[in-house]
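Asks: Before I ask anything, let me first share the structure, which is written out below as structure tokens.
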Amino acid sequence: MLNHILQGKVIKGEAVGRTIGFPTANLRLVNPPKIKPGVYVALITLARLKYLGLAYFGPRYIFGEKPDSFEVYIFNFNRQIYGEKLTVKLLRFLRKPLPVANLKKLKQLLEQDMVKLDQWVILVDKQDKILGIEEKSKAHQGRAKLHRAISVQLFNQKGELLIQ
């Protein structure tokens, strides 16, 4: 686990991620990061609420830009948060930055990253304090580890279970 913590204010970007279904929050960081460029599994804190997401640090190849940017995609989140302060805890390194030629390729790459993100769960203690993350496949091995889980059941009109 990495546990690098970065803080910054959400600033307006080009809104390109939004056009391909991946709205990101571009951050103006308090301190320049001392991390290797790439995509990370991240725990994002906004107004004391915590979210799982992806963080990217590096050049924005789609625009041919050389300066590094830092942006986060918050999983299952869709709010305008310009001007808000975010705290981003980098938990796992996923991959190095990869050049992409167009938005279609970028979307495919982000979809692959989301598949990887979906393989993790957030571990919590009995007071719901976040302890870290764990691969889903390992969360049920050995000693029990608490994590949030959702079960959805679909019944027909007769009350028979159709899908769980």
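The values are calculated or read from the model by the stated rules, or taken from the named source; none is laboratory data. Quick caveat: nothing in here was measured; it's all calculated off a predicted structure. Positions of Cβ are backbone-derived with ideal geometry, glycine not excepted, and every protein chain shown enters the neighbour counts.
Asks: Does Lys12 satisfy being over 16 Å from the mean Cα position of the chain (by Cα) and modelled with pLDDT of 90 or more? Outline the logic, then answer.
Replies: On the way: over 16 Å from the mean Cα position of the chain (by Cα): yes; modelled with pLDDT of 90 or more: yes.
Yes.
Asks: Still on this structure: If I go through the stretch 30-49 residue by residue, how many of them are at pLDDT 85 or above, surrounded by 15 or more Cβ atoms within 10 Å (Cβ to Cβ) and more than 14 Å from Phe93 (Cα to Cα)? First the steps, then the outcome.
Replies: To start, the set of residues in the stretch 30-49 that are at pLDDT 85 or above comprises 34-49.
Applying the additional criterion that residues be surrounded by 15 or more Cβ atoms within 10 Å (Cβ to Cβ) yields 35, 38-46.
Next, from what is left, pick out any that are more than 14 Å from Phe93 (Cα to Cα): 44-46.
Number satisfying all stated conditions: 3.
Asks: Name the single residue, out of those in the stretch 50-105 being basic (Lys, Arg) and exposed (fewer than 12 other Cβ atoms within 10 Å of the Cβ), that is nearest to Lys34 (Cα to Cα). Step through it out loud before you land on a result.
Replies: Of the residues in the stretch 50-105, the ones basic (Lys, Arg) are 50, 60, 66, 79, 85, 89, 92, 95-96, 104-105.
Next, only the ones that are exposed (fewer than 12 other Cβ atoms within 10 Å of the Cβ) stay: 66, 79, 96, 104.
Working: Lys66: 17, Arg79: 29, Lys96: 15, Lys104: 30 Å.
So the residue we want is Lys96.
Asks: Any idea which residue in the stretch 59-108 is farthest from the chain's Cα centre (by Cα), counting only those that are modelled with pLDDT of 90 or more and aromatic (Phe, Trp, Tyr)?
Replies: Out of the qualifying residues, it is Tyr82.
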